[in-house]
Amino acid sequence: VQLQASGGGLVPPGDSLRLSCLPSRRFFSNNGMGWFRQGPGKEREFVAGISWNGGTTSYLESVKGRFTVSRDNAKNTLSLQMNSLKSEDTAVYYCAAFRRAWASREQSEVQYWGQGTLVTVSS
């Protein structure tokens, strides 16, 4: 099982990026999915999560109103739209599949991790 994340890059503050994650198995349509990140010298933290049918989403407080998590189960794709990026958003972003049908802020609830994609916000 693989979670292929893409879309990272170097952008100036205020810009946007869209991250995508393509699970390798269809069964992810039954699992909550989410994004975590790990900044330089920091612990990995929850960023956003979405339930199996997209009906429930949750966010890290500091990204609310700027980031939007979405999923397309027909295309087996998870996305994270990141707008108004700030330097503190610089991190390696990981997509994750949870053990259950809903997302969780707890890393112990993650069943599979993606390999990460680097987002650098700098002028």
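For the chain, the solvent-accessible area works out to 50 Å² per residue, with a probe of 1.4 Å and every protein chain left in place. Spin-label model, THR57/GLN38: points 7 Å from Cα along the beta carbon direction are separated by 2.6 nm. Backbone geometry of segment 2-16 corresponds, through the Karplus equation with coefficients 6.51, -1.76 and 1.60 at θ = phi - 60°, to 3J(HN,Hα) couplings of 10, 10, 8, 9, 8, x, x, x, 9, 9, x, x, x, 7, 10 Hz, x marking Gly and Pro. Treating segment 23-62 as a set of equal point scatterers at the Cα positions, no solvent, please give the Debye-formula log₁₀ I(q)/I(0) at q = 0.22, 0.23, 0.30, 0.31 Å⁻¹. With no solvent term, the Cα-only Debye profile gives -0.75, -0.79, -0.98, -1.01. Compared with the rule-of-thumb size 2.2 N^0.38 Å for a compact globular protein, the chain has a Cα radius of gyration ratio of 0.96. A straight chain from ASP15 to SER84 at 0.36 nm per residue would run longer than the Cα-Cα distance by 24.3 nm.
With all protein chains present, how much of the accessible area of the chain (probe radius 1.4 Å) comes from carbon and sulfur, to the nearest whole percent? Of all accessible area on the chain, carbon and sulfur atoms account for 46 percent.
The values are calculated or read from the model by the stated rules, or taken from the named source; none is laboratory data. Keep in mind that what you see is a predicted model, and the values were worked out from it rather than measured. Positions of Cβ are backbone-derived with ideal geometry, glycine not excepted, and every protein chain shown enters the neighbour counts. For accessibility, only protein heavy atoms count, side chains too; no ligands or nucleic acids. Shrake-Rupley method; radii C 1.70, N 1.55, O 1.52, S 1.80 Å.
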